[in-house]
1. Looking at region A:91-98, is at least one residue over 30 Å from C:L256 (Cα atoms), touching a Pro at 6+ places or on another chain (Cβ under 7 Å) and of a type in the set (S, T, N, Q)?
2. So is C:P154 surrounded by 16 or more Cβ atoms within 10 Å (Cβ to Cβ), at pLDDT 90 or above and over 20 Å from the mean Cα position of the chain (by Cα) or not?
3. Output the qualifying pairs, or none if there are none: Cβ atoms under 9 angstrom, residues six or more apart or on different chains, first residue in region C:242-264 and within 8 Å of chain A (Cβ to nearest Cβ) and assigned to a helix (DSSP H, G or I), second residue open to solvent by less than 10 Å² (accessible area, probe 1.4 Å) and of a type in the set (D, E, K, R).
4. With region B:168-283 as the region, which helices (runs of 4 or more DSSP H) entirely inside it contain at least 1 residues that are away from chain A (no Cβ under 14 Å) and farther than 23 Å from A:D102 by Cβ?
5. Do any residues in region C:80-100 that are more than 14 Å from every other protein chain (Cβ to nearest Cβ) have Cβ atoms under 7 Å from those of residues that are open to solvent by 80 Å² or more (accessible area, probe 1.4 Å), where the two are at least six apart or on different chains, and which pairs are they?
6. Do any residues in region B:249-267 that are in contact (Cβ under 8 Å) with a residue 12 or more places away in the chain and farther than 15 Å from B:S71 by Cα have Cβ atoms under 8 Å from those of residues that are assigned to a helix (DSSP H, G or I) and open to solvent by 70 Å² or more (accessible area, probe 1.4 Å), where the two are at least six apart or on different chains, and which pairs are they?
7. Which ones in region B:68-93 are crowded, with 19+ Cβ neighbours inside 10 Å and either touching a Lys or Arg at 6+ places or on another chain (Cβ under 8 Å) or on the phi > 0 side of the Ramachandran plot (or both)?
8. Select from region C:275-292 the residues that are part of a loop (DSSP other than H, G, I, E, B) and more than 14 Å from chain A (Cβ to nearest Cβ) and list them in ascending order.
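The values are calculated or read from the model by the stated rules, or taken from the named source; none is laboratory data. Bear in mind the structure is a predicted one, so any value in this text is a computation, not a measurement. Reconstructed Cβ throughout: ideal geometry from the backbone, glycine too, with neighbour counts over all protein chains shown. Just the protein is used for accessible areas: all its heavy atoms, side chains included, with ligands, DNA and RNA removed. Shrake-Rupley method; radii C 1.70, N 1.55, O 1.52, S 1.80 Å.
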Amino acid sequence: MLEVRNLRKEFGDFVAVDDVTFSLPQRGSLAIVGESGSGKTTTARMIAGLETASGGHILVEGEERGPGHKRQRQRQRLRSGERRARGRQIQMVFQDPYSSLDRRQRVGAAVAEAVALHQRLPADRLRARVAELLDMVGLDDRQAAALPKALSGGQRQRAAIARALAAEPQILILDEAVAALDVSIQAQILRLLADIRARTGTALLFITHDLGAVRHISDDMLVMQAGKIVEHGPVATVLADPQHPYTRRLIASVPKPGWIPRRRMDPAAAARLP
Amino acid sequence: MTSALFARTASKPRAGRPRDRVTLAAGCVVGLFVFLAVCGPLLVPHAPNAVDPLNVHAGPSATHLLGTDDSGRDLLSRLIAGTRASLAAPAVVIAVSTTLGTLLALVAAWFGGWLDRFVSGALDVVFGFPGLIMAVLVAAVFGAGLTAPVVALSIAYLPLITRVVRSAAIKERNLPYVSALQLLGAPTARIWLRHLLPNLGPLVLVQATIGFGYALLDVAAISFLGLGSQPPDPEWGLMVANGAPSILAGAPQQSLYAGLAILLVVVAFNLLGTGLSRRLLGEQA
Amino acid sequence: MSATPPLLRIDGLGIDLPLDGEPRPIVHRADVVIPEGAAVALVGESGSGKSLTARAVLGLLPAGARLHGDVAFAGESVAGMAPERLRRFRAGEVAMVFQDPRAHINPARSVGDFLIEGLTLTRGVRAADAVRKVTGILREVGIADAERRMRQRPHELSGGLLQRVMIAAALAAEPRLLLADEPTTALDVTTQEEVMAIIAEAREARGLALLFITHDLELAAAVCDRIVVMYAGSTVEELPAGHLRERAAHPYTRALLSSRPSVFEAGADLRSIPGRPLSGFEVPDGCAFSDRCPRVRDRCRSERPAPSAAGDSTAACHFPYTAPAEEAGCHA
């Protein structure tokens, strides 16, 4: 359903994303794993349309929405109808739940605004749809009437997910969406996402540095390093039998029983660090 | 985690704390003068321009609470009647520069790139000119009267508002909730009007309040120099100037009271601005 | 009580902070003992009070904080230290490494100035000796080109390198106890491993004791001897690190372990804890965890449990687990 071909992003001389190619099937779940500077977030932002790609193709159901799109080629702005149609293709949930919501807007109103952008509904049906979305993410009436600052991080992230689902997107991108949450809350959100995928068929593109979360949320994974894909395969295979040295290094860095931290970086490599 | 905890424990301003009582008092003073500016002409005990040659430089008395000036005009009436002229000009300056400045700031922050560089560069040039001197120059060229200096000051005050609002708008524009709205396909106008502007509102209000004090001082200075309001209009800056010769004659009251009125209003606006800033922006700082 | 007191004893520590003008309990009861040279982890989620407890060790609490209980360093009460003694204590006997090194270093001055100043100002070391010493410690923490790094300013260094600089600064003071408050939370996993290895090596070389504050139970178990788990302002369990997976007694400890998605166990079900972690000032009369606990009974809601021995652990729970957790470790 989503196809990314030879995607590239340059910032001046710096190549942040280099020749990234992958596809995400209908109802699929793919994780892009990498550390800071790997280009994983830039890739996600280009796919969502928040960043303009320097080259390559982004296709949703065969339809170009990346640099090959005719309006983007002619440097024209999208019409509002087109923007909304794109919104029904891809939505995104961000890392920081505290700034993902407008601090002056009640949570229910934020979800209602998102619904109203995509469906013209009479007031009572709009209310019902908002209640349905909030219920799906586990928020009640009291939380719907609250301002973001009255909610916990996990509740805000639930609200952000409900808002994204309001557009009924085919693909939901999660950019480190649980990284800022408490451990016990991360598990709740991961389960919620798996549940949403099962119920709505929304495909998930999970951007993360957390290999543990990947096993629970994704079928396939990509490992990115310095803008390039270094490994690609089913999650269980990659975690059990990593081929690329960098993937092995990543897995070896995860604490587990009997794990002893080791310095693996040689001093020469350390000297090249910024 | 820790920072969130400390943010919550940081003393939240509540009515009744000393600093809030100061803000409240400043707000009352500002409110009083705004009321006088609107209704003053109806409240004056004497006609502000009525001359009484037999009663010049009179001290305080039951009929003239603050005494009279060098033409025997009632000082209290002139101060009250002058409130409108003294506050209206800076109000226009602040209204124009705040509206225009906020708009420029949003445009620069939203579109970024060359537009932002152009706006910022142009404002740096404007900032380079001393506003008061520019206003005086304009008045000298176009003739006395408040119109030209008000236009000049409105431009001179642009950078003050725009710079602060621009940097806040850039921060706001980069928050993920704005990206989320864009991804949902929300029209830009809606994002501006429903989200960005209301969120920047408190900051704009604080900047305007603090700017008002400075603008009042500048306008009064221009009138003091004889380039703004013209006699016999009762305007505070002009009154300070007109009263100056009488100081040597042992009758400082006209300059003194007009000067005190300016001082009181400027200080009140500044205190109100700082208080509002603490209250409205404190949690974001 | 033994003849020689432990290096650090936090005994029934409670901390009240003013919230909206009212003193509210943030830490109810924290008990931690660190013997000389030992490594103890203080593990908890947000609101647990773990960072505040660590700050209380240094006497670094926000204005208006009220303390009860006691923090004793080598038998000497920190609260009872005179200002001059407290200054020497902070400069030479304990050192702290923070989550965000950038917030704790002057961005306008070079890394070298920062490191050397710590020695010359607070410990009266001669400048030339300080440079020699700092260069040596930088090499020890894996910064080979120390001379070049010392001329750089903080913003020129990556987060991982800057955290090494902060560790070097901490080690330069030759402390007996290192407080590390989430020192690797902001770093990549591979960098985390480097930094934890550096801390482990420094501990071994110097016999340094460690109080490691973290939200990550697995990491805590890997680098520490004992684990103290905090929840909503109280220590709920204290146990040897090696017993964490199989023999944790407190339901919160087990729930926290099983809610962490495992990289290594295929098919292990992810158990989430309902609700959200509470802050100290929100806790009900009974057990703070009662609302989220799978083993809750009536008594838990009315009576707050006191810490008591449960196997090798000390757990504040009326109904602690006594049977070992299943082999998978993830099924509580």
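1. Restricting attention to region A:91-98, the residues satisfying the condition of being over 30 Å from C:L256 (Cα atoms) are A:91.
After this cut, where a residue has to be touching a Pro at 6+ places or on another chain (Cβ under 7 Å) as well, the list is A:91.
Now narrow it down to the ones that are of a type in the set (S, T, N, Q): A:91.
For region A:91-98, residues over 30 Å from C:L256 (Cα atoms), touching a Pro at 6+ places or on another chain (Cβ under 7 Å) and of a type in the set (S, T, N, Q): present.
2. Details: surrounded by 16 or more Cβ atoms within 10 Å (Cβ to Cβ): yes; at pLDDT 90 or above: yes; over 20 Å from the mean Cα position of the chain (by Cα): yes.
When the stated conditions are applied, C:P154 passes them.
3. Close Cβ pairs (under 9 Å, with a partner that is open to solvent by less than 10 Å² (accessible area, probe 1.4 Å) and of a type in the set (D, E, K, R)) amount to C:L256/C:E45.
4. Numbers: elements: B:176-183, B:197-224, B:236-248, B:253-276.
Hits in region B:168-283: B:197-224, B:236-248, B:253-276.
5. Every condition considered, the pairs that remain are C:A91/C:R123; C:G92/C:R123; C:G92/C:E174; C:E93/C:R176.
6. Listed pairs, sorted by first residue: B:I262/B:L217; B:V266/B:Y214; B:V266/B:L217.
7. Hit for region B:68-93 is B:D69, nothing else.
8. C:V283, C:P284, C:D285, C:G286, C:C287, C:S290
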